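Working notes, beginning with the structure itself.
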Amino acid sequence: MDSIRNWRRGWMGLALLAAVSAAGASTLAPTSAFASKANDTLNIAWEREQPTLDYYFQNSREGIIINRHVWDCLLWLDPKSGEFKGLLAKSYKIVDDRTFEFEIREGVKFHDGTTLTADDVVGTIQFLTKPDTGKMQNQPVAWIDRAEKTGPNSVRIYAKDTTPLALLYLSADIPIYPMAYYDKVGPEGMGVKPIGTGPYKVTEVEPGKRIVFEKNADYFKGSPKGQPKIGKIVQRTIPDVNTQIVELASGNLDWIFKVPADQAEKLETLPNITVKPASTMRIGYLTFDAAGRSGENPFQKLEVRQAVAHAIDRQAIADNIVRGGSTVVHSACYPEQFGCTQDVAKYDYDPKKAKELLAKAGYPDGFKTDIYAYRDRNYLEPMIGYLSAIGIRTDLHFGKYAATRDAIRSSKVPFAFMTWGSGSVPDVDAITTVFFGGGPDDTSMDADVQKWLAEGASTMDEQVRKTAYAKALSKIADQAYWLPLFTYPTNYAMTKDLDWTPTADEIPRFFTASWQ
Amino acid sequence: MLVYTAKRIVLAILVALTISMLVFSLLYLSGDPATALAGESATSDDIEKIRQAYGFDRPVWVQYLSWLGNAAQGEFGNSLYFRLPVWELILERLPTTMTLGVSAMTFAIVLSIPLGVLAAMFPNSLIDRTALFMAVVGQAMPSFWFALMLIVLFAFTWPVLPASGSDTWRHFVLPTIVLGYYATPAFMRLTRTGMLDVLSSDYIRTARAKGLRPWTVLFKHALRNAIIPVVSLAAVQFGFMLGGSVIIETVFALHGAGFLAWESISRSDFPTVQAILLLFSLLYIVLTFLADLLNAWLDPRIRVG
């Protein structure tokens, strides 16, 4: 399905180029049909339908965006300074490795006019720790043991075990709900009429099609999120990125994201459009079945894995195909994540050395292997070409994400091209531990690496964590268990009227936006 | 006629059952539904919880029989993605798909039948060649390409029509042209062929010899007979249009049932996919069945055969 979409996008890109050229030639510079700035209404679009607006019952990036605007968490991670600040909590204290204490801010109002209390915080946590609610957000709350009210405005949250990511989760993935309302309407009600304390309130919902947000005029003063400036945000679901582009160019939209690099370049030529490329936490990687889970295979040999690493010109692919500021990655994590050292073994593009390593491994004439992938065929094809140049012939199995990941977990895959976005969690625990911590995605099963990763995940001491992760990442690179490839930037396109800056976590925060 | 009808009904039920079994198997072959539902960042524990919560840990055939049993009682369950009753979702989106299908069919017929008649009246003329050219282009041009061309022209360069949405009739103009044009060649060529056959038949020669006016011969005697296979084709083509509107609905952001089916496949939302495909295939079967009955009624040789 992705390949069909990519093919269609390619054709449509050409069509758009023709359209842009035609508009330029005939000086039909598009004008803002909706005059968004004059109406103080920001028209945005994304491609995915939201199943529900209840944050805990969905798992999409768009759901994260809605969450940040409609609700608040106890804490706030400042995207610029990387510092935790109190949000619904006026202050917080780490009592010990498993106990967190919060003083709840007074006078904060929910969108329905009710006042936030410590009971809402405890009630939200109690709901999240119930096992059978069917919620989709499990990982960010799985660490919580319980919560208790320790005073009129104070709450303690207890972790089951030491959880270094606890503050991150509490600042991003655990919005506080008005429990009296939630008890009454349940996830179904919250899904169509969400009530939070956030800088924007939802005033209109057409499920799957349209959401209208309006500025919360009563948003509490002193919020580290700042005060919302734009009066209204109208979100529309437009599944086809090319249609989004035409709507933006026509002035019917003011902001879109995930614009393909080739089309972003064309959009930039329009007089009223700004394109802002920005990094995301997604990286691409090649994974080898070094542990032989899929049966005996050439990738069990270190020299073969290193040969693959030397055979592929990652820089050329990043610069010429991925584009948008993509950079080569050397560690098995996103470089900006906590603990993600890049001070590890690096494999430069050296096909001669690659052939020597293959010969040393006993494959002077190369070999044939299956390779699995689920997206970005245009990135994969040059890699297949590089491998072919050193004698590694590939049989491509291109499938859906679920099928491909399932095949890896079921030990059927010797070699795969995959990507990972870490759920925008800025910590190596959200990536390296997933793929090297001994779980079903671990294709190297290295006991040392597993031990170091466990060490890193079992203490709050940042220095100890960094040391443990550095050891793990060094060994992963030395042994070439993965070949990390490149970062995945994304392109945001918007009207020049809009003053908005993207962040590295790919979560737009429109409460920081304003009109130029 | 009764025996014939009964046979067709049994056949239709068997076809619907086969389709539902195939869809269920194919969806399972395309990946673990629990992994698809859990999303990319899910851990193996999350996936396992979802597998148990939704009953994906049961054997596939047990899940299928359970679905079939419920479906037979009219209970199609809740969408795994939207957590809403499947029928509620479909009923909410079906009007968009039906509006598009009916308007596209009307557009196709209004465009193709006069062109087919003209092409038959003046075979090998400029009109005939133009009609043939239109037919070839209509069949060869990918719908999404044509859709974007129209968007570029009428929503961007000359912004007279909206590019996306389904709020007003204006939103349906471009999708109708794209979907209708795709169906035009079949109607036009069938009309042309039918008219050519009929116009060379004895009874038309007789009608002309009787001194009837040319328009009376053409419309009262010739077209009424030549149009019969077109009517049958229209029934089938309408079913095809409803199912084939997926791309059009995606490009024009119409949020119809076709788009819902397409997205539900990638989300492994079994109950929704099953219900929509069952609905579409039943609709298709009913339309084909009606076309068969119409043919049998018109032509006794089919009933006897």
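The values are calculated or read from the model by the stated rules, or taken from the named source; none is laboratory data. Quick caveat, the model's predicted, so the values are computed rather than measured. Methodologically, a virtual Cβ is constructed for each residue, glycine included, from the backbone with ideal geometry; neighbour enumeration extends over all protein chains shown.
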Within region A:351-365, the residues that are surrounded by 18 or more Cβ atoms within 10 Å (Cβ to Cβ) and farther than 16 Å from A:L286 by Cβ are A:K355, A:A361, A:Y363
Among (1) free of Cβ contacts under 8 Å to residues at least 60 places away in the same chain; (2) within 14 Å of chain A (Cβ to nearest Cβ), B:S79 falls short only on (1)
Q. Does region B:226-247 contain any residue that is closer than 30 Å to B:W67 by Cβ, within 14 Å of chain A (Cβ to nearest Cβ), buried (at least 18 other Cβ atoms within 10 Å of the Cβ) and over 17 Å from the mean Cα position of the chain (by Cα)?
A. no
Considering residues that are closer than 17 Å to A:S279 by Cα, at pLDDT 95 or above, of a type in the set (A, V, I, L, M, F, W, C) and surrounded by fewer than 22 Cβ atoms within 10 Å (Cβ to Cβ), the number found within region A:311-323 is 0
Within region A:375-415, restricting to residues that are of a type in the set (G, A, S) and away from chain B (no Cβ under 14 Å), the one that is surrounded by the fewest Cβ atoms within 10 Å (Cβ to Cβ) is A:G385
Filter region B:37-55 for residues that are farther than 19 Å from A:I431 by Cα and within 7 Å of chain A (Cβ to nearest Cβ); the one that is farthest from the chain's Cα centre (by Cα) is B:K49
Within region A:324-356, residues being out of contact with any strand residue (DSSP E or B) (no Cβ under 8 Å at 6 or more places or on another chain) and within 22 Å of A:P277 (Cβ to Cβ) number 3
Expected output for region A:155-175 (first residue of a type in the set (K, R), partner crowded, with 21+ Cβ neighbours inside 10 Å, Cβ below 9 Å, 6+ apart or cross-chain) is A:R156/A:F100; A:R156/A:F102; A:R156/A:A147; A:K160/A:I144
For B:R213, the lone unmet condition from (1) modelled with pLDDT of 80 or more; (2) touching a helix residue (DSSP H, G or I) at 6+ places or on another chain (Cβ under 9 Å); (3) surrounded by fewer than 23 Cβ atoms within 10 Å (Cβ to Cβ); (4) within 23 Å of B:P114 (Cβ to Cβ) is (2)
Screening A:D441, A:D446, A:D461, A:D478 for residues that are surrounded by fewer than 21 Cβ atoms within 10 Å (Cβ to Cβ), within 14 Å of chain B (Cβ to nearest Cβ) and of a type in the set (D, E) leaves only A:D441
For region B:51-82 the number of residues that are in a loop (DSSP other than H, G, I, E, B) and either among the hydroxyl-bearing types (S, T, Y) or under 18 Å from B:H255 (Cβ atoms) (or both) is 4
When region A:252-263 is checked residue by residue, the ones that are modelled with pLDDT of 90 or more and buried (at least 19 other Cβ atoms within 10 Å of the Cβ) are A:N252, A:L253, A:D254, A:W255, A:I256, A:F257, A:V259
Within region A:266-290, the residues that are over 21 Å from A:T419 (Cβ atoms) and either surrounded by 19 or more Cβ atoms within 10 Å (Cβ to Cβ) or in contact (Cβ under 8 Å) with a residue 40 or more places away in the chain (or both) are A:K266, A:L267, A:T269, A:L270, A:P271, A:N272, A:I273, A:T274, A:V275, A:K276
Residues of region B:149-171 being at pLDDT below 90, within 21 Å of A:W46 (Cα to Cα) and part of a helix (DSSP H, G or I), in sequence order, are B:V152, B:A155, B:F156
Scanning region A:183-202 residue by residue, those over 27 Å from A:D505 (Cβ atoms) and away from every other protein chain (no Cβ under 13 Å) turn out to be A:D183, A:K184, A:V185, A:K193
Taking region A:113-152 and the residues there that are among the charged types (D, E, K, R) and buried (at least 18 other Cβ atoms within 10 Å of the Cβ), the one that is farthest from A:N216 (Cα to Cα) would be A:K135
The residue that is nearest to B:S79 (Cα to Cα), considering only those in region A:122-151 that are at pLDDT 90 or above and within 14 Å of chain B (Cβ to nearest Cβ), is A:L128
Here the residues within region B:235-273 that are out of contact with any helix residue (DSSP H, G or I) (no Cβ under 7 Å at 6 or more places or on another chain) and in a helix (DSSP H, G or I) are B:F240, B:E263, B:S266
Looking across region A:231-273 at residues that are among the basic types (K, R) and outside any loop (DSSP other than H, G, I, E, B), the single one that is nearest to A:P207 (Cα to Cα) is A:R236
Q: Answer yes or no: is there a residue in region A:379-395 that is modelled with pLDDT of 95 or more, assigned to a helix (DSSP H, G or I) and within 19 Å of A:E296 (Cβ to Cβ).
A: no
If you go through A:G196, A:G226, the only one that is of a type in the set (G, A, S), crowded, with 21+ Cβ neighbours inside 10 Å and not in a helix (DSSP H, G or I) is A:G196
Review point. Quick one: would you say A:G324 is closer than 30 Å to B:T157 by Cβ and not in a strand (DSSP E or B)?
Key: yes
The lone condition A:E303 fails out of (1) within 26 Å of the chain's Cα centre (by Cα); (2) touching a residue at least 40 places away in the same chain (Cβ under 8 Å) is (1)
Across (1) within 14 Å of chain B (Cβ to nearest Cβ); (2) outside any loop (DSSP other than H, G, I, E, B); (3) touching a strand residue (DSSP E or B) at 6+ places or on another chain (Cβ under 8 Å), A:F213 clears everything bar (1)
If you go through A:Y177, A:Y181, the only one that is aromatic (F, W, Y), closer than 28 Å to A:K229 by Cβ and in a loop (DSSP other than H, G, I, E, B) is A:Y177
The helices (runs of 4 or more DSSP H) lying wholly within region A:30-130 that contain at least 2 residues that are small (G, A, S) are A:36-39, A:118-129
* Asked: Taking the stated definitions as given, is A:K368 surrounded by fewer than 18 Cβ atoms within 10 Å (Cβ to Cβ) and part of a helix (DSSP H, G or I)?
  -> no
Counting only residues that are among the hydroxyl-bearing types (S, T, Y) and more than 7 Å from every other protein chain (Cβ to nearest Cβ), region B:138-167 contains a total of 2
